[in-house]
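None of the figures in this text is laboratory data; all of them are computed from the coordinates on show. Predicted model, so just to flag it, every value in this text is computed and none were measured. No Cβ is skipped: glycine too gets one built from the backbone with ideal geometry, and neighbour counts run over all protein chains shown.
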Amino acid sequence: MDVPSLERFLRSRLVGPLPGPAAQLRFAPRPIRHGWEPHLEPEGSRQAAALVLVYPGADGPAVPLTVRRDDLPHHPGQISLPGGRVDTGEQPEDAALREAFEEIGVLPNEVRLVGPLSPLWVVVSNHVVRPFVAIADHRPAFQLAPREVAELVEAPMSAIRDMGRLGWTRRAREGIVIDYPYFELAGREVWGATAMILGEFAALFAPEFAPPPFS
């Protein structure tokens with residue numbers, strides 16, 4: 001699909017039932033943390049927002065991802081969607097646009113919000129992330145925030161929707177070996193909360209979208 005076709009599809013799809021926690025859970029690390037469910041919003045959790053921006057890229061429609069600096073206190077070195085904390089009195093969709101501007105220079109007046117994906121509770125930072133899908137008619141003039149973003153990854157939609165790029169990897173978390181499902185995008189492994197959000201996004205197009213069976 002080209003970007004206009006994607007926008008039409010997403011506008012019709014995002015007003016119906018979303019893939020929701022069932023799709024998010026397919027991309028959750030194993031073993032799953034005790035007491036964690038993606039849809040929970042525990043008392044004391046903080047609000048965050050993220051932007052899934054679709055725009056015309058060099059290889060067809062694409063979505064920008066950021067490589068976080070290694071010296072950041074939360075999720076250092078990981079690949080993330082543009083996003084961050086919702087300020088007091090701020091609407092989550094406004095926070096998603098603001099953070100995309102602050103992190104990668106996307107001008108809010110050059111994108112159109114299409115609709116929300118399902119909220120996701122991220123235990124590590126105790127944030128409930130509210131992702132929003134948006135469309136840009138042209139590739140943004142990206143400008144990276146040097147204190148936050150080490151690199152920009154422009155992920156083609158064709159790669160995000162390709163189940164052949166999904167796999168499992170193993171990492172240590174708090175002294176325990178954890179198995180993580182991931183997307184292989186631009187030669188990098190995209191896992192964690194970003195993979196769970198992208199997993200639900202891809203499931204808008206293919207309800208069965210999932211990594212290989214875990215064993």
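Quick notes on this one:
- The spread of Cα positions in the range 89-215, taken along each principal axis and listed from longest to shortest, comes to 46, 32, 26 Å.
- Fewest-first sequence of Val111, Val129 by Cβ atoms within 10 Å of each Cβ: Val111, Val129
- Taking amide H as placed 1.01 Å from N in the peptide plane, the amide H of Val153 sits under 5 Å from that of Leu65, Thr66, Val67, each at least 5 places away or on another chain.
- Once the chain from Glu43 to Ala58 is taken as fully extended at 0.36 nm per residue, the excess over their C-alpha distance is 1.1 nm.
- Neighbour-count ranking [beta-carbon atoms within 10 angstrom, fewest first] of Met196, Met163, Met1, Met157: Met163, Met1, Met157, Met196
- Estimated distance in nm for a label pair at Ile176 and Leu113, the labels positioned 7 Å out from Cα along Cα-to-Cβ: 3.6 nm
- The helix-based estimate of mean residue ellipticity at 222 nm for the chain, built from -39,500 (n - 2.57) per DSSP H run of four or more residues and divided by its residue count, is -6000 deg cm²/dmol to the nearest 500.
- Cβ-placed point charges (K, R +1; D, E -1), dipole of the range 130-172 about Cα centre in debye, nearest 20: 280 debye
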